[in-house]
1. Search the stretch 9-20 for residues that are among the charged types (D, E, K, R) and assigned to a loop (DSSP other than H, G, I, E, B) and pair each with any residue that is modelled with pLDDT of 85 or more and surrounded by 13 or more Cβ atoms within 10 Å (Cβ to Cβ) when their beta-carbon atoms are under 9 Å apart and the residues are at least 6 apart or on different chains.
2. Filter the stretch 4-53 for residues that are at pLDDT 90 or above and on the phi > 0 side of the Ramachandran plot and give the result.
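The values are calculated or read from the model by the stated rules, or taken from the named source; none is laboratory data. All of these numbers come straight from a predicted model, not from anything done at the bench. Neighbour counts run over all protein chains shown; Cβ positions are idealised from the backbone, glycine included.
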Amino acid sequence: MKKKNEFYRKEPKMYYLSILGKDMGPFTLEELQELAKQGRLSEDTVVKVNGIS
């Protein structure tokens, strides 16, 4: 019998940013966290996740 987690294996999520109309990415979650720590993201930053429209 397969373990429950084996049914949910997916590629790591990749994130895309839109800042002042300029699209950038892909970024990993860790990269986004680092950008946030550096103060390079704002409330106006649009973040999109691959596979989600």
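1. If the second residue must be modelled with pLDDT of 85 or more and surrounded by 13 or more Cβ atoms within 10 Å (Cβ to Cβ), the pairs left are Lys13/Thr28.
2. Gly25, Gly39
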